Every structure is written in C-alpha cells, then in structure tokens.
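Novice: What follows is a structure written as structure tokens; I'll ask about it next.
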Amino acid sequence: MRIGIYPGTFDPITNGHLDIIKRGRQLFDKLYVVIPINPNKKTFFTLDERIDLLKEVLKDFNNVEVTSTDQLTVDFARKVGATVMLRGLRMVSDFEYELQLATLNRTLKPDLETIFIMASHEFSFLSSGSVKEIAAFGGSFEQFVPLPVAVALKKKYKLD
C-alpha cells in the first residue's frame, strides 16, 4: 500500500490546497492530510476548527484522512508507514524553502521521499494569508476557498 502525507497549517484550507490534494491523492492508496501542532505558530482558526473544516471539505475523498500530530512530521510519517511527503509549489520563491525542508526531512528519515506538485496556474498566487487579509477588509474572497471555509471566515469576521 502506497501511503503519503500532505502536511500543512491549513489556516484555512484554500482552493489551492484542495487542488494539490485532489491531484496528489491519485498517487496514493492513502493520503494523510496532517496538521502538525506548532506551539510557536499563531493561527487564526483553532486546531479543532481547521480539522473540522478539512474533514468537511474532504468528506467525499475516500482515500484521504485528516489528522493532526504533535510529533515531527517525519515521525508521523514513520508511524503511519508513509514513504512520500507531498508538497505544493506556487512559484519559484517557494522552492528554496521547500528544498531546505525536503533535505532536512530526508536527513532525518532517509526513506521519505518528497514529491512537489506545482500549483495549477489559477492558484499560483493564492495563500491562506492573502485570503484572510481580503476577508478582514471585507473584500470578496469566496472564489478562493471551498464553501464551508467561506462560511467560517464570514462568521469569524462577522461579515454579512
């Protein structure tokens, strides 16, 4: 069984993340979408909210499981038997950071491969941060996120 992991903060999940998951899940028998718990990172949505949003958005993806971990991502990969880490790239500037992470992860777990999937061109500009900023100023952000996320953002920002 080919098992992969796609780690991220997903604060919140965007259509860009969803695109990577849709395309990436075809490569695996099972894909874990995992939120590593990082106490040094301040998030807009709580961990439980992010997990709930991911589960709602991905509920029809039969080979995808949403979870979180308080371990290093490589240790989580080892625990679930994953041999591949999936990462999305939007533009060249992402590559330097992602290469550094992939090299570090490979040093910690030599049998863990990293596969990069380029964002589809319509999502190459999209980030969770930009979506939150647009929402904070009352702009139109709905086209950038799945419906459950749009509803959650409107509620959090008291929009409508």
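Novice: Between a first residue in segment 110-139 that is charged (D, E, K, R) and surrounded by 15 or more Cβ atoms within 10 Å (Cβ to Cβ) and a second residue that is modelled with pLDDT of 95 or more and outside any helix (DSSP H, G or I), which pairs have beta carbons less than 9 Å apart while being 6 or more apart in sequence or on different chains?
Specialist: Close Cβ pairs (under 9 Å, with a partner that is modelled with pLDDT of 95 or more and outside any helix (DSSP H, G or I)) amount to GLU113/THR83; GLU113/VAL84; GLU113/MET85; LYS132/ASP11; LYS132/PRO12; LYS132/PHE44; LYS132/PHE141.
Novice: Among the residues of segment 1-19, write down those that are part of a helix (DSSP H, G or I) and either within 14 Å of GLU56 (Cβ to Cβ) or among the charged types (D, E, K, R) (or both).
Specialist: First pass over segment 1-19, keeping only residues part of a helix (DSSP H, G or I): 15-19.
Across segment 1-19, the qualifying residues are HIS17, LEU18, ASP19.
Novice: For segment 44-80, which residues satisfy the criterion of being in contact with a strand residue (DSSP E or B) (Cβ under 9 Å, 6 or more places away or on another chain), surrounded by 12 or more Cβ atoms within 10 Å (Cβ to Cβ) and either modelled with pLDDT under 95 or not in a helix (DSSP H, G or I) (or both)?
Specialist: Answer for segment 44-80, where residues must be in contact with a strand residue (DSSP E or B) (Cβ under 9 Å, 6 or more places away or on another chain), surrounded by 12 or more Cβ atoms within 10 Å (Cβ to Cβ) and either modelled with pLDDT under 95 or not in a helix (DSSP H, G or I) (or both): LEU58, PHE61, ASN63, VAL64, GLU65, VAL66, THR67, SER68, THR69, GLN71, LEU72.
Novice: For segment 112-160, give me each residue that is outside any loop (DSSP other than H, G, I, E, B) and of a type in the set (Phe, Trp, Tyr). Step through it out loud before you land on a result.
Specialist: Within segment 112-160, the first condition is being outside any loop (DSSP other than H, G, I, E, B), and the residues that meet it are 113-118, 121-123, 128-136, 142-144, 147-156.
The answer is PHE116, PHE123, PHE144.
The values are calculated or read from the model by the stated rules, or taken from the named source; none is laboratory data. What you are looking at is a predicted structure, and each value in this text was computed from that prediction instead of being measured. Glycine gets a Cβ as well: all are built from the backbone with ideal geometry, and neighbour counts include every protein chain shown.
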